[in-house]
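So the structure is just underneath, and the comments pick up after that.
No lab work stands behind these numbers, since they all come straight from the coordinates. Quick caveat, the model's predicted, so the values are computed rather than measured. Positions of Cβ are backbone-derived with ideal geometry, glycine not excepted, and every protein chain shown enters the neighbour counts.
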Amino acid sequence: MSLLVGSSRRRLLLWTGWVVAALCALPVFEGWRYTAVVICSAVILAMLPGALPPRVSPSGPTSDLAVIAVLYVVVVALMRVAFVVFGVDQIPGLFLSFSAALLLGVLGPLVYTVWFRGGRLRDLGLRLDNWRQTALLAALLGAVQFAFTLWGYRLPEPVNWVPLLCMALVVGVFESVFFRGFIQNRLSEHFGPAAGVGGAAVLYGLYHVGYGMGGAEIVFLTGLGVVYAIAFSLTRNVLILWPLLTPLGSFYANVTAGDIELPWMAILGFADVALLMVAAMLLSYRRERRGLHRYGGPPARVSA
């Protein structure tokens, strides 16, 4: 047991160092070069003895893959409708389609995992049992992200960045639960951790076609998806990504691009979406507790 614990700690330090280095490389490499550096260095590191956890037998029903496929296609389609079909000239249609995609990306995994599979919120990375370690790592990675993005950056007028920050926080919940807690965890169960990281990163990059992005941007975001996926795998807790690491990156990208203008009223819309997400988590937590008590299990210590 002590050998396994020591090996686990070495892996944690090894991959934490890699994630920090990958974040520091963001201002050095651009576009496909960043993705190439990220993937090559991750593969080399994975080849080191003990760099990957021991293999386990594949588990989970085959329905997992079908649900991933259906939810993914619908989410990307809704994003495409929002940003390509409606666009900024038709704000009501854009917001409704965008909100539907965000909600489906959170409610879909919750309903399938907790209500249909009888799983737990921790299966989606919604957990508090390892919150101390997660908080320390989240603070470290968030500080690195902040140092290379917003440190010293002069923000515009509040109306030009506060709604964008609210959007980044809500989108961050969606991406953390959908791509990391749901897709990455399920792919890891079926095919192993390396395939889980790679599959989640590729799907994360490709999903940006819904925003109307081109090939170069998608390639870069796939590399960034590898970084976020490996960061999530450090603790299997979405709090390592949200509310610091991924929202900071998204907020900086949006505020510097200057191509998204949102009114103050948009904050209320994002607040409504966030409240629905929280309500779904609370209801799923209650469902989980009832199921555990029914079958004689202890109450789950997970985040709602």
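Quick one: grab the alpha carbon gyration tensor of the range 210-289, order the square roots of its eigenvalues as a ≥ b ≥ c, and give me rounded if a/c is under 1.5, else prolate or oblate depending on whether a/b is larger than b/c.
Since a/c reaches 1.5 but b/c is at least a/b, the shape of the range 210-289 is classed as oblate.
Cut-off is 10 Å between beta-carbons; in what order do Leu71, Leu164, Leu155, Leu102 appear when sorted fewest neighbours first?
So the residues, fewest neighbours to most, are Leu155, Leu71, Leu164, Leu102.
Can you work out the FRET efficiency for the pair Val74 and Ala271, with r the C-beta to C-beta distance and R0 = 30 Å, to the nearest 0.05?
0.80
What is the calculated FRET efficiency for Ile91 to Phe116, with r their C-beta to C-beta distance and R₀ = 30 Å, to the nearest 0.05?
The computed FRET efficiency comes out at 0.30.
At a 10 Å Cβ-Cβ cut-off, how would you order Cys166, Cys24, Cys40, fewest neighbours first?
The order, fewest Cβ neighbours first, is Cys40, Cys24, Cys166.
Between the range 180-232 and the range 255-295, how many Å separate their Cα centres?
Cα centres, the range 180-232 to the range 255-295: 22 Å.
Taking the Cα-to-Cβ direction at Arg9 and at Ala46 and moving 7 Å from each Cα, how far apart do the two end points lie in nm?
Each label point lies 7 Å from its Cα, and together they span 2.7 nm.
Quote the FRET efficiency, to the nearest 0.05, computed for Leu136 versus Ala66 with a Förster distance R0 of 35 Å and r equal to the Cβ-Cβ distance.
0.40
Roughly how many nanometres apart are two label points built 7 Å out from the Cα toward the Cβ at Tyr211 and Arg289?
About 3.7 nm, to one decimal.
If each residue's Cβ is checked for other Cβ atoms within 10 Å, how do Phe83, Phe98 rank with the fewest at the top?
Ranking Phe83, Phe98 by Cβ neighbours within 10 Å, fewest first, gives Phe83, Phe98.
Could you work out the equivalent-ellipsoid semi-axes for the range 185-255, taking the square root of 5 times each eigenvalue of the Cα gyration tensor, largest first, in whole Å?
Gyration-tensor ellipsoid for the range 185-255: 21, 17, 8 Å.
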